[in-house]
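Right, one structure below, let's go through it.
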Amino acid sequence: MNIWIPLKFAKRWLAKRQHRYYVVGTHRITLPPGHRLDEYQQAFLNYDLKLLVIADWVDSSIQAW
């Protein structure tokens with residue numbers, strides 16, 4: 001039995017259970033485990049552009065506090 005196959009699946013399984021970081025413009029967003037960002041980006045081609053507007057809005061709201 002090839003040991004690399006189970007290790008490949010274990011690595012993928014662990015990756016899905018860890019937080020991911022995604023950079024939009026100057027903002028770094030922490031994504032929870034299992035977030036479907038990749039699927040959203042494939043389904044909605046301008047997803048990143050809208051996400052940048054949302055991130056800017058949230059950032060300016062937080063700084064106003």
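Can you run phi through the Karplus equation (6.51, -1.76, 1.60; θ = phi - 60°) for the stretch 40-48 and list ³J(HN,Hα) in whole Hz, with x for Gly and Pro?
Result, ordered by residue: 5, 5, 6, 6, 10, 5, 9, 4, 5 Hz.
Near the amide H of V24, under 5 Å away, which other amide H atoms are found, from residues 5 or more places off or on another chain, if H is placed in the peptide plane?
Excluding prolines and chain starts, which carry no amide H, the hits are I29.
Bear in mind these aren't lab numbers, they're just calculated from the coordinates by the rules spelled out. All of these numbers come straight from a predicted model, not from anything done at the bench.
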